[in-house]
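This report concerns only the one structure given below.
The values are calculated or read from the model by the stated rules, or taken from the named source; none is laboratory data. Quick caveat, the model's predicted, so the values are computed rather than measured. Virtual Cβ from ideal backbone geometry, glycine too; neighbours counted across all protein chains shown. When the accessible area is computed, the model is the full protein with side chains, heavy atoms only, and any ligands, DNA or RNA have been set aside. Shrake-Rupley method; radii C 1.70, N 1.55, O 1.52, S 1.80 Å.
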Amino acid sequence: MDYSQFLAMKQEIALLVVFLLVFLYDTFMPRKALGATSAVTTTLFLLFTVWSFIWGGVAGNVDAFAGMYVTSPVCAMIKNILNIGVLIVLVQATSWVNSDFQKVRRGEYYELLLVTLFGMYLMISARHFLLFLIGLESASLPLAAMVAFDKNRYESHEAAVKYLMTAVFSSAIFMMGLSFVYGLSGSLYFEDIAMQLGSQSNTMLVVALAFVISGIGFKLSLVPFHLWTADVYQGAPTPVTSYLSVISKGAAAFAFLVILVQAFGQFYSEVWEWMLYALIIATITVGNLFAIRQKNMKRFLAFSSISQAGYIMLGIVGCNEMGLAAMMYYILVYIFSNLAAFGVIGAIENKTGKVEMTDYNGLSKTNPWLSFSMTLAMFSLAGIPPFAGFFSKFFIFTSAINQGSIAIYILVLIALINTIISLYYYLLVVKAMYISPEEPQIEKFRSTCTERVSLWVTVLGIILLGIVSFFYDSIFNAASLSNLFGFIA
Amino acid sequence: MELTILWYLIPSLLMFCCGVYGFITRKNMIAMLISLELMLNAVDINFVVFNRFLFPGELEGMFFTLFAIALAAAETALAIAIIINVFRVSEKIDVDDVTKMKF
């Protein structure tokens with residue numbers, strides 16, 4: 001065996017080294033030194049992110065282990081995007097992890113988080129369903145433990161039960177679909193499956209594809225597989241919710257695209273294009289309509305993230321390099337906007353324990369900077385022009401329309417109408433903070449240093465990502481080098 | 001009488017459907033976990049049977065089954081741990097009782 005092929009996995013191996021260092025530090029350092037665990041982890045991860053930006057990339061497609069694992073500029077790019085998100089989550093989580101109730105277990109939070117990130121890396125780079133499944137499970141099982149992290153709150157356990165049951169149920173359905181695919185094609189390599197299946201669809205293939213799509217739809221919380229989302233987001237501790245809502249969603253969306261175009265590309269127009277249309281329309285509409293009636297901020301952002309997942313899916317139906325680039329850019333912008341919103345919610349929850357929308361009445365009078373960050377996040381999520389959210393929505397609609405059929409015009413029209421509906425409920429939060437005449441519920445307080453740093457970074461990202469075209473250009477360059485779309489028919 | 005591939009596939013499909021039915025109808029979380037195990041084991045049978053009958057020269061399906069068994073064990077262990085936690089907090093393990101958060 002040629003051991004040098006492990007070098008193709010250099011990003012994974014570096015992440016594993018970070019994980020092991022954190023694990024060893026947490027296990028063997030004296031108790032007095034454990035207070036620095038957060039700082040050590042964040043610094044190590046910052047170094048890893050910078051290293052991965054500069055030396056983590058590859059020039060072309062590199063595969064290892066007989067094609068089971070593939071890395072390319074676009075894979076390295078999406079991993080870097082996830083790294084930025086994880087870095088912000090780590091900074092945001094610091095004051096929660098070091099609070100009195102959590103600090104005995106703070107090492108576990110970081111270890112579980114890094115393991116799930118490793119699983120997502122495998123999902124992104126896998127070109128074989130066995131490796132993909134291992135990545136999927138090592139991304140979702142530790143997340144269930146993270147959801148149950150808050151031992152003193154009953155809601156945390158309830159959320160963990162709901163998350164784990166639906167995750168196992170969905171992966172069972174996904175594996176059933178895989179077994180059908182295996183029976184039809186005799187292989188689990190994405191490319192071999194595409195080769196063996198031919199171009200003729202049959203009933204068994206349609207059933208298998210429906211199973212596979214619904215299995216991953218659970219992870220992405222697409223409607224009608226979204227029922228776990230709101231409860232889990234509400235029950236989980238806020239730093240876990242923010243991780244769950246951006247990072248795992250981004251990784252799953254990219255892996256979903258790779259599976260669909262690499263393994264089942266030739267059935268695009270015949271089978272799964274229509275399945276995706278139905279899923280996208282249902283996801284965006286139901287997510288929006290349910291978000292209107294939410295009173296709890298975390299549930300509200302859960303439904304908002306469901307509808308955002310629908311917009312991310314719009315990048316897949318285009319099935320071209322531009323759609324891929326638009327999807328990755330959307331994920332990047334979504335990471336910054338959503339983490340800004342969760343940063344404000346987490347800061348307020350840590351200080352006062354309040355998460356209801358009515359608690360935010362008159363917030364601008366007592367905490368103007370927090371209200372300002374929240375407003376920018378809401379504007380960006382809704383897609384109001386000068387902010388990054390507008391550009392990401394613009395690119396994703398353009399890439400979808402480029403495909404050119406009447407059906408996709410109708411699809412994009414429905415998505416556009418939904419953008420206007422979403423403006424209503426995003427502005428409800430802004431109205432509560434700025435216009436509501438009631439007395440402020442939350443006194444003036446000063447959030448901790450780490451929370452302020454994370455909010456500065458996310459707000460800067462929201463403002464700059466759209467205006468500075470360097471970000472979209474580099475993503476587009478990486479995406480145009482990918483030869484993912486060879487099988488589309 | 002010769003045992004064809006259908007003699008294996010139909011029981012595994014029945015097992016899968018029983019698992020789905022049990023997962024949806026049972027109220028006790030442990031019973032739901034058992035139903036999930038039924039579904040996962042049906043998948044394992046499918047892989048082995050497809051491998052044995054359709055592609056006898058290869059071992060890919062068998063390998064997948066081995067890994068799937070390990071994953072199922074990990075899932076069950078974690079699920080039991082979380083269910084025990086719920087039981088400690090609320091003294092109940094029926095799904096009808098974990099309904100504090102609902103829309």
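Summing charges over all other residues whose Cβ lies under 12 Å from the Cβ of B:Met62, with Lys and Arg as +1 and Asp and Glu as -1, gives -2.
Shown in residue order for segment A:26-36 are the 3J(HN,Hα) couplings computed by the Karplus curve 6.51 cos²θ - 1.76 cosθ + 1.60 at θ = phi - 60°: 5, 7, 9, 6, x, 4, 5, 7, 5, x, 8 Hz (x for Gly and Pro).
Report the percentage of all Cα-Cα pairs in segment A:3-487 whose separation exceeds 34 Å, rounded to a whole percent. Percent of Cα pairs beyond 34 Å in segment A:3-487: 30. Pairing the Cα long axis of helix A:37-55 with the longest principal axis of chain A, what angle in degrees results, from 0 to 90 and rounded to the nearest 10? Approximately 40 degrees, to the nearest ten. Taking each DSSP H run with n ≥ 4 as -39500 (n - 2.57) and averaging over every residue of chain A yields -25000 deg cm²/dmol at 222 nm. Mean sequence separation of contacting Cα pairs (under 8 Å, at least six apart), scaled by the length of segment A:360-402, corresponds to a relative contact order of 18 percent.
Largest first, the residues B:Glu37, A:Glu111 sort by 1.4 Å accessible area into B:Glu37, A:Glu111.
Working from label points 7 Å from Cα in the Cα-to-Cβ sense, the A:Glu356 to B:Ala31 distance is 3.7 nm. Compared with the dominant principal axis of the Cα atoms in chain B, helix B:60-90 is inclined by about 10°. Against chain A, whose longest principal axis is taken from its Cα atoms, helix A:297-318 shows a tilt of about 30°. Note on segment B:8-97: the C-alpha convex hull projects to 5.8 nm² when averaged across all orientations. The apolar share of the surface of segment B:8-97, taken as the fraction of accessible area on carbon and sulfur atoms (1.4 Å probe, ligands and nucleic acids excluded), comes to 71 percent.
Kirkwood radius for segment A:276-366, taken over all pairs of different Cα atoms as the inverse mean of 1/r, rounds to 14.6 Å. Can you give the log10 of the normalised intensity I(q)/I(0) at q = 0.14 Å⁻¹, computed with Debye over equal Cα scatterers of segment A:345-489? Ignoring solvent entirely, the Cα scatterers give -0.82.
When you restrict to C-alpha pairs under 8 Å that are six or more residues apart and normalise by the size of chain B, the relative contact order lands at 27 percent. Rounded to two decimals, the Cα radius of gyration of segment A:427-476 over 2.2 N^0.38 Å is 1.69. Can you give me the Rg/Rh ratio for segment A:1-130, using Cα atoms for both radii and the Kirkwood formula for Rh? Reported Rg/Rh, Kirkwood definition of Rh: 1.02.
The accessible-area ordering, largest first, of the residues A:Glu155, A:Glu12 stands as A:Glu155, A:Glu12, per a 1.4 angstrom probe. Globularity index of segment A:318-416 is 1.35 (Cα radius of gyration / 2.2 N^0.38 Å, N = number of residues).
Bridgeable lysines around A:Lys444 (alpha carbons under 27 Å apart, same-chain partners fewer than 8 residues away excluded): A:Lys103, A:Lys295, A:Lys298, A:Lys351, A:Lys354, A:Lys365, A:Lys431.
Once divided by 2.2 N^0.38 Å, the Cα radius of gyration of segment A:1-56 becomes 1.36. Note: relative contact order over chain A, using C-alpha pairs below 8 Å and six or more positions apart, is 16 percent.
Sequence-ordered 3J(HN,Hα) estimates for segment A:94-109 from the Karplus curve with 6.51, -1.76 and 1.60 and θ = phi - 60° stand at 3, 6, 5, 5, 8, 6, 4, 6, 9, 5, 5, 10, 5, x, 4, 4 Hz, glycine and proline given as x.
Compute the distribution of all C-alpha to C-alpha distances in segment A:230-382, in bins of 5 Å from 0, and list the percent of pairs in each, rounded to whole numbers. Taking all Cα pairs of segment A:230-382, the binned fractions are 2, 9, 17, 21, 18, 13, 9, 6, 4, 2, 1, 0 percent. With protein chains left intact and a 1.4 Å probe, residues in segment B:8-97 average 52 Å² of accessible area per residue. Net length available on complete extension from A:Ser201 to A:Cys449 is 83.5 nm, with 0.36 nm assigned per residue and the Cα-Cα distance removed. Using equal-weight Cα scatterers in the Debye expression, the normalised intensity of segment A:186-319 in log10 at q = 0.20 Å⁻¹ is -1.10.
Partner lysines whose Cα lies under 22 Å from the Cα of A:Lys10, excluding those fewer than 8 positions away in the same chain, are identified as A:Lys79. Rounded to the nearest 500, the 222 nm mean residue ellipticity of chain B from helices alone is -26500 deg cm²/dmol, with -39,500 (n - 2.57) taken per DSSP H run of at least 4 residues.
Computed with a 1.4 Å probe on the full set of protein chains, the accessible area for B:Thr99 sits at about 60 Å².
Straight-line cross-link partners of B:Lys27 among the aspartates and glutamates, defined as a Cα under 13 Å from its Cα and at least 8 positions apart when in the same chain: B:Asp94, B:Asp96, B:Asp97. Annotation for B:Met62 and A:Phe23: the two label points, set 7 Å from Cα along the Cα-Cβ direction, are 3.0 nm apart. About the centre of its Cα atoms, the protein assembly as shown shows a dipole size close to 1620 debye [charges on the beta carbon of Lys, Arg (+1) and Asp, Glu (-1) only; nearest 20 debye].
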